[in-house]
Amino acid sequence: MEHTMLTTTLTPYGLSKRETTSLPHLLSDVAALNLHHVLIIDLKCREDQQSHAHAGRRLDPADLRRQESDRYATFLHRIREVVRLDVRGIDDDVPPVDALCFLYLSDNDPPRRELCQALDGLRPRVLMLECGWDEVCDVDIFDMLRTPFPLESLVVAGACAMYVDLEREYLRTMRTLVLNCCCSLDFPAIPRPVALSELVIKENDAMDTICRLRERTRMLDGLESLKLTSNTLIPDLTSSEFSEFLEALKAIVSLRTLELVLGYDEDDVSLDDLPQCLPHNLERFTFRSRATHAEPWIRSIQDHEWLPRLREFGFLVPRQKLVNMVREAMAGCRPEVTMEP
């Protein structure tokens, strides 16, 4: 049965709605949290409506500022009302907000501190930030909250060259981190222990992000699940840089579940060293790629010291002949391993 949840959407231009929906696509990577109520702050609508409303008209700058100020004040009032009702728990039919999503959060939005203050009192387990055109998310504004978010998961989409300067306590207690189409993010060094157990990285410099996290932080020390998707090759990726990624990957000894989606062509980079660079304690491994060779995988499968705890294995490539060769090797040498269809 499909999980449904309550979605409340607020925008600066009076557009709002509350409806029961399936899990929004933006939160698909944290579906296991069984969320009940997501509050979406849609700032993208503000930009669209502003452009449309003023097209072909010349407004006095003072009037324009006054209109904008009045609209935003009304917007903040409506947010505070949602927070007030959420904190008091007046309506039994409306579950507490357990996920907070910002769409088009921009560093150039002057009232963003007022927006953050208006949300003070909510206790979301999930914070989702989709960046605006400037590809910057000012996450450190959440440090000012009198009631800190009890975050379990952070989802960042479309951020570039950002120092994620959340309070260390946030990063220490988060169990899930999702980076979707981000680039050159940098995280602070956090002393152990770190709670992060699940990491999802999609596209852009996904492999380089693993290297940075491994080299500069302790956030991967207890990681149990990694899903990495890299379908777009960074133009100047060298063999040595790919080797650095493999070394960083192999060093995550706590990893139990790994899903790698590498959409490279045979001429882009060799994946022959990948089987021998997988973390030793893997129990579930799924590999998807457009190009690979069967021989390195078969040699590894025939080595009984290779991934001794492996119980589930998925090998998905376009050439069915290679898939059959790997499946036959696994059936003959490791019958205890279940192959994904």
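Every read-out reported here was derived from the displayed coordinates using simple, explicitly stated rules and does not represent laboratory data. This structure is a prediction, so every number in the text was calculated from the model and none was measured. Methodologically, a virtual Cβ is constructed for each residue, glycine included, from the backbone with ideal geometry; neighbour enumeration extends over all protein chains shown.
Between Val94 and Arg18, the modelled label-to-label distance comes to 0.3 nm, taking each label 7 Å out from Cα in the direction of the beta carbon. Dipole check for the stretch 247-309: with +1 at the C-beta of Lys and Arg, -1 at the C-beta of Asp and Glu, and the Cα centre as origin, the magnitude is about 440 Debye.
Each of the peptides 208-217, 63-72 was scored by the mean count of other Cβ atoms within 10 Å over its residues; in descending order, highest first, they stand as 208-217, 63-72.
Could you give the dipole magnitude of the stretch 176-322 about its Cα centre, charging the beta-carbon of Lys and Arg +1 and that of Asp and Glu -1, in debye to the nearest 20?
About 640 debye.
The label-point distance for Asp60 and Val253, in a model that sets each label 7 Å from Cα toward Cβ, rounds to 7.2 nm.
Please go through the residue pairs Lys250/Lys321; Lys202/Lys321; Lys44/Lys202 and name each one whose alpha carbons sit more than 24 Å apart in this structure. Listed pairs above 24 Å: Lys250/Lys321; Lys202/Lys321.
I'm checking a number: the convex hull volume of the Cα atoms of the stretch 189-341, normalised per residue, in Å³. What is it?
Details: hull volume 16.1 nm³, N = 153.
So the per-residue Cα hull volume is 105 Å³.
Going by how many other Cβ atoms sit within 10 Å of their own, how do Thr338, Thr176 line up, fewest first?
Values: Thr338 14, Thr176 22.
Ranked by crowding around the Cβ, least crowded first: Thr338, Thr176.
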